[in-house]
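As structure tokens, the structure follows; a few thoughts come after it.
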Amino acid sequence: MTASTPLKTQTSYMQNRELSWLRFNERVLEEAMDERVPLFERLKFVSIFTSNLDEFYMIRVGSLTDLAGMKEEHRDNKTGWTAQEQLNYIFEATEPYYEKRNAIFAQIEQALENYQIYRVGMDDLSKQEKKFIEDYYAEHIFPVLSPIVVDSHHPFPHLMNKQQYVMCSFEDKNQTLGIIPVSPSFPDFIQLPGDSFRYILTSHVILGYAKQLFNMYKVSSTQLVAVTRNADIALDDEHLEYDDDDDIRQLMKKTLKKRARLAPVRLEVEGQLPKRVGQLLCDKLQLSRKQVFNSVAPIVLNYPFELIQRMPKHLEMKCTYPPFRANNLLDTQAYPTVTEWCLKEDMMLFYPYDSMEPFLQLLKESAEDPHVVSIKITIYRLAQHSIITQYLCLAAENGKDVTVLIELQARFDEQNNIEWAERLEEAGCQVIYGVEGYKVHSKICLITRKDRNKIQYITQISTGNYNEKTAKLYTDVSMMTSHEEIGRDADAFFKNMAISNLDGQYRHLLVAPNHFKQPLLECMDREIEKAGRGEPCRILMKSNSLTDREILQKLFEASEAGVPVQLIIRGICCLLPGVPGKTDNITVRSIVGRFLEHSRIFCFGADEDCSIYISSGDLMTRSTTRRVETACPVYDPRLKQRILHHLDVMLQDNDKARQMSSNGQYKRLSSPYEANLIDSQKHFIEEAMQGMDRRQPRH
């Protein structure tokens, strides 16, 4: 495949973000291949790979499809490719991943049979099982089915986003095809009676009864299909009808309804469609053959998580990661209350190795503390059963001034956030929705106290969401400080958000979009100046993704100046390291393991006085220019040392880490079966299990 002539701004040390993302998802799939990973966890990684790819097609491919359809030509500012060229590369790169997933999924299922766990088809059922399925189908499935025939009198129906359908082709050419929707109300699988754990997918049961449903026709073939639709909806979409009286909650409700009806970007087929049916579907859905992907593995793979929950306890213990107890700093009993602790010294939590309990306890104390006058917090993604919101409601009921800035555009969490916004308002909280045209992705909480006519601030800044569930699954950093000037900045932040002011002035916090990227660039410039003077220098940055063009350019300049640049980037990285004469001094690592690496940490300097920021935002264009993000400096030397310890261990990881080559490919740093392997996440678990008191109090 040949791309068009690159733009003048294209450089040889950058790569396309979409292909970089696909390589990240390949690393997720590699975890499913690793036989050292417990079997159920390997199955989860296949499921995560699949859901990641679904979202990639809904959002990134959907967005590129929109760009490709515009009259004005849009080109990638890293490679110079047009939107259509990027789509062509994506479709070409995707096909091998289906083949790889099929093979890995088959291996895992075969291994599960050693534990008497079997996924069966209709032809595999015993006599007793057939009778069970017949009864189940008659009672629970058949009454809900709505089969249709597509012919000259019946138009082709709308196929909902990611819903499965059974497609039946008929021998009679006058009858085009039959379609049976697999209702989302059905369970993903049906557990069969017996001593061993045997189950069948509900979609396969419907597939097995398809000929019976269309018994007046001669059914020649049946397959399962699912359409992926563009889900990248902007609130200012010109086709989205709303009036000035609609509030943003009502607007988001309309937006969610529209998402299921947007243009198709992919067709997945479990099995092989007859050529005639395949062409018909492509014509109706306006897809090219390059956008049709065949799979042997189930095309919807959400069920492994529920499957694992149903496993007997002894199997769960054998086939999942061993449990560990997070280090709970409350166990140290250093101070009578968390509030007093935070007023005396800064506290830092590293999730999931540290428990979230100290922060939850701080909120609870604040809700009941007569000295607390207000609590202000930003919300992006909440747990379904949120303890945090319970304490916010309690605070409001106790007469505190509670302000919740909730982001209704948190993709795929919009409905959950709408419901929480309504509950918070009912409890007496003031709910605001941020700045028009910008997502508020900041993670900041400000508790204001008044004690003896003196105002005191406790500011909590985090790299991750206020979500008790993800705090056990994602690696994040949470800092609580009574630093007065940081508190004043936080207070200014909430005042600015309430009046949609993006141009606020801050002395310590970095706040995107207008006061985030430039200070980071200036920090890099200082390291470049140090290199010029022959002084020790270093740039060490951990982020989920790296795509911002100006930051890429500055890192290139730092490398040319001789600054050692160490990057720990889990996902997309548009910077190619090790390009001779350009990025020789840059290394890029990605860690994919048991937990999702989610913390964003930026370090500048090679000595103990280095500048360190923890951030809600990644080094992505969307974070630096189209979102409200917050980064906070870490001043406490003890906390700095703790952060540097974590980063140092991650840089030593030679097990779950992969290092990027100058061609954008990732390589293992050692064989999985070598001695002296360092798995950074396992190392931190061991530290937590040893009950280390990493608080290191001053007194």
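Computed from the coordinates by the stated procedures, all read-outs in this text should not be read as laboratory data. In this text the structure is predicted, and so the values were computed from the model without any measurement. Note that each Cβ is placed from the backbone with ideal geometry, even for glycine, and that neighbours are counted across all protein chains shown.
Brief remarks on what is shown
- Paramagnetic reach from Phe324 (point 7 Å along Cα→Cβ, amide N under 12 Å) across segment 349-368: 351-355
- Rounded if a/c under 1.5, otherwise prolate or oblate - segment 329-507, Cα gyration tensor axes: rounded
- Nearest-ten-degree value, helix 414-426 long axis tilted from longest Cα axis of the chain: 50
- Computed from the Cβ-Cβ distance with R0 of 60 Å, the FRET efficiency linking Glu529 to Met317 stands at 0.60.
- For the pair Glu522 and Arg276, label points projected 7 Å from Cα toward Cβ lie 7.1 nm apart.
- Each residue, Gln553 and Asp609, gets one label point 7 Å from its Cα in the Cβ direction; the gap between the two is 3.1 nm.
- Relative contact order, whole percent, for the chain stands at 12, derived from Cα pairs under 8 Å and 6 or more residues apart.
- The helix-only estimate of mean residue ellipticity at 222 nm for the chain, built from DSSP H runs of length n ≥ 4 each weighted as -39500 (n - 2.57), is -11000 deg cm²/dmol after division by the residue total.
- Sorting Val28, Val338 by the number of Cβ atoms found within 10 Å of their own Cβ, with the fewest placed first, yields Val28, Val338.
- Burial ordering of Phe197, Phe156, Phe604, fewest other beta-carbon atoms within 10 Å first: Phe156, Phe197, Phe604
- Estimated FRET transfer efficiency (Lys667, Lys284; beta-carbon r; R0 35 Å; 0.05): 0.20
- Listed candidates [x] 0.95; [y] 0.98; [z] 1.08 - label of the one calculated as Rg/Rh (Cα atoms, Kirkwood Rh): [y]
- Cross-link partners for Lys275 among the aspartates and glutamates, with Cα-Cα distance under 17 Å and sequence neighbours closer than 8 places in the same chain left out: Glu171, Asp172, Asp283.
- Look at Lys376, Lys211 and count the other Cβ atoms within 10 Å of each Cβ; fewest to most, that gives Lys211, Lys376.
- Links that overshoot a 31 Å alpha carbon limit, given the list Lys290/Lys318; Lys318/Lys542; Lys131/Lys472; Lys78/Lys100; Lys443/Lys667: Lys290/Lys318; Lys318/Lys542; Lys131/Lys472; Lys443/Lys667
- Amide H within-cut-off set for Arg198, under 5 Å, with H built and near neighbours excluded: Tyr118, Leu192
- Once the Cα-Cα distance is subtracted from the 0.36 nm per residue extended length, the Leu677 to His153 segment shows a gain of 182.1 nm.
- J(HN,Hα) series, segment 615-627, from Karplus relation 6.51 cos²θ - 1.76 cosθ + 1.60, nearest Hz, glycine and proline x: 9, 7, x, 7, 8, 10, 4, 5, 6, 7, 10, 10, 9
- Sorted from longest to shortest, the spans of the Cα atoms of segment 105-185 along the three principal axes equal 51, 29, 28 Å.
- Note on Arg423 and Met216: the model spin-label points, each 7 Å out from Cα along the C-beta direction, lie 4.9 nm apart.
- Sequence-ordered 3J(HN,Hα) estimates for segment 39-45 from the Karplus curve with 6.51, -1.76 and 1.60 and θ = phi - 60° stand at 4, 5, 5, 4, 5, 4, 5 Hz, glycine and proline given as x.
- Couplings 3J(HN,Hα) of segment 383-390, computed from phi: 5, 4, 10, 8, 6, 4, 5, 4 Hz, in residue order, whole Hz [Karplus 6.51 cos²θ - 1.76 cosθ + 1.60, θ = phi - 60°; x for Gly and Pro].
- C-alpha long axis of helix 275-285 to longest principal axis of the chain, angle in °: 50
- With an a/c value of 1.5 or above and a/b not larger than b/c for the gyration tensor axes a ≥ b ≥ c computed over the alpha-carbon atoms, segment 562-699 is described as oblate.
- Computed over Cα pairs, the Kirkwood radius of segment 322-413 leads via Stokes-Einstein (1.567 mPa s, 4 °C) to a diffusion coefficient of 88 µm² per second.
- GluC sites (Glu not before Pro), loop per DSSP, at most 14 other Cβ atoms within 10 Å - longest free stretch of the chain: 242-435
- Anisotropy class of segment 316-369 from Cα gyration tensor, a/c 1.5 cut: prolate
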